[in-house]
Each structure stands twice: as C-alpha cells, then as structure tokens.
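> Quick one: the structure is below, questions incoming.
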Amino acid sequence: MLDILWAVMLLTGILYGALTGNMNQVTDAALSSAKEAVSLCITMAGIVAMWVGVMQIARTSGLVDKMTKGMQPLLAFLFPRIPGEHRAMEFISANMIANFLGLGWAATPFGLKAMEELGKLEEERRQGKALGTVRESGMASNEMCTFLILNISSLQLIPVNIIAYRSQYGSVNPTAIVGPAIVATLVSTAVAVVFCKGMERRKH
C-alpha cells in the first residue's frame, strides 16, 4: 500500500511540474534529494553500526539478561498469561530494551521472534498444553495485540533516528529533542498500557 502511495505522489508531482512548465525544478529537486538521501544513509549507517554494536556487547556481557530479570515484574503485569519461563518473554524483553535505547533496527528481529514464539504458545493452548484463552487459528491473541501496541508506542530514552536526522540537517543541538521525545513516548506508552488493560478487562 505504501509503495502505491509513494508512486502516486511522485507521479502527481512530476505531472504537475510538466503541466506548469517547472520540469527544471523537478529535475533539480530529484537530483538534490538523491544526494541528500545517500548522505543521510551514510550517516545513519555509522550510527546504526555503533548502537547495534553496543547492543551486542550488552548481550554478550550478560547485561541484557540482567535487565530482562529486572523487567520480570513489568512483563508479568503486561503479559500475565504468558509463563515466566516461556521463550517469548526473552524476545519481548530484548525488543523492549532495544526500543528503550532507540534501536528500532535491532528491536525488529526480536519483535519478529517474539511474535513467532507467541504463535507457538497459541498452538500449545489449542492442544491443551498451556493455559489461556483458546483462539481460532489465524486470530491474534491478547498477548500479540498488547505486544504490537507497546512496540508501536515504544518508550524511547535515546531517539537515535531523530538525533541523526537533526545532525544531518545542521541542527545546532541535535540532542535537544531527547527530553521532549521521552515525555512524548512515555505518554504514548502509558496510554497504550491503559488501553490494553482496559480492553483485556472488557473481554473478561
């Protein structure tokens, strides 16, 4: 769907430029934007490499495991029907930690694995091997919906993407966004938790 939207916007801009006699400006804009895109990709590649490396060091040193154990009360509150020893909890916590640090790229693989493990948990429930509400095959569980909403709202302590963008486009103080970003994502995450818990109680 996004591919179609982008294609429509590009074609609309090109057609408008042709009809108004501004094709030179369209060409100049395309070339300058392409140059900026390459420059931004190089900048982001360095930042991504650094933070993903930091995340890997944290995993290798056992820091992620310690943080995961520290998050158990929070995870038990958010996902009370997932057994504490289930592998899904490991990937959910790793995803949340990566999002806390603003590492959306590093969080994505953990999120996919978490969804995969939650799918296995649903299958175990259908077979009577695990407790919980049994859903029809192909229907998302409460835990899947909750995890997806939390992943989208994701509290971020270090908004790496925005800092990189601001730095790339000449901001005097790229990290000035940190405070507002923490407040904004904290509010969005709080709303997400309240919404999930409200819907969970409504269903039960």
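> Of everything in region 106-122, what is surrounded by 17 or more Cβ atoms within 10 Å (Cβ to Cβ) and either at pLDDT below 80 or of a type in the set (Gly, Ala, Ser) (or both)? Give them in sequence order.
Answer for region 106-122, where residues must be surrounded by 17 or more Cβ atoms within 10 Å (Cβ to Cβ) and either at pLDDT below 80 or of a type in the set (Gly, Ala, Ser) (or both): Ala106, Ala107, Gly111, Ala114, Leu121, Glu122.
> Let me ask something additional. Search region 49-81 for residues being open to solvent by less than 30 Å² (accessible area, probe 1.4 Å) and outside any helix (DSSP H, G or I), and hand back the single one that is modelled with the highest pLDDT.
So the residue we want is Phe79.
> Quick one: which of Ile162, Ile149, Ile177 is β-branched (Val, Ile, Thr), under 17 Å from the mean Cα position of the chain (by Cα) and more than 19 Å from Ala76 (Cα to Cα)? If you could, list the steps in order and put the result at the bottom.
Working: Ile149 fails: more than 19 Å from Ala76 (Cα to Cα); Ile177 fails: under 17 Å from the mean Cα position of the chain (by Cα).
Exactly one of Ile162, Ile149, Ile177 is β-branched (Val, Ile, Thr), under 17 Å from the mean Cα position of the chain (by Cα) and more than 19 Å from Ala76 (Cα to Cα), namely Ile162.
> Does Leu5 qualify as being farther than 29 Å from Ala94 by Cβ and open to solvent by 90 Å² or more (accessible area, probe 1.4 Å)?
no
> Just one of the numbered conditions (1) surrounded by fewer than 10 Cβ atoms within 10 Å (Cβ to Cβ); (2) under 17 Å from Ala164 (Cβ atoms); (3) not β-branched (Val, Ile, Thr) is not true of Ala45; which one?
The one condition Ala45 does not meet is (1).
> Right, something else. Within region 123-150, take every residue that is modelled with pLDDT of 75 or more and either among the charged types (D, E, K, R) or within 30 Å of Ser33 (Cβ to Cβ) (or both) and give me the one that is surrounded by the fewest Cβ atoms within 10 Å (Cβ to Cβ).
For region 123-150, the residue satisfying everything is Glu123.
> In region 170-204, which residues are among the small types (Gly, Ala, Ser) and not in a helix (DSSP H, G or I)? Walk me through how you get there before you give the answer.
First, pick out the residues of region 170-204 that are among the small types (Gly, Ala, Ser): 170-171, 176, 179, 181, 184, 188, 190, 192, 198.
Across region 170-204, the qualifying residues are Gly170, Ser171.
> For the structure I just gave you, tell me whether Gly84 is part of a loop (DSSP other than H, G, I, E, B) and closer than 28 Å to Val48 by Cα. Talk me through it step by step, then tell me what you get.
Working: part of a loop (DSSP other than H, G, I, E, B): yes; closer than 28 Å to Val48 by Cα: no.
Here the answer is no, as Gly84 does not meet what is asked.
The values are calculated or read from the model by the stated rules, or taken from the named source; none is laboratory data. This structure is a prediction, so every number in the text was calculated from the model and none was measured. So basically every Cβ, Gly included, is an ideal-geometry build from the backbone, and we count neighbours across all protein chains shown. Note: areas computed on protein heavy atoms with side chains; ligands, DNA, RNA excluded. Shrake-Rupley method; radii C 1.70, N 1.55, O 1.52, S 1.80 Å.
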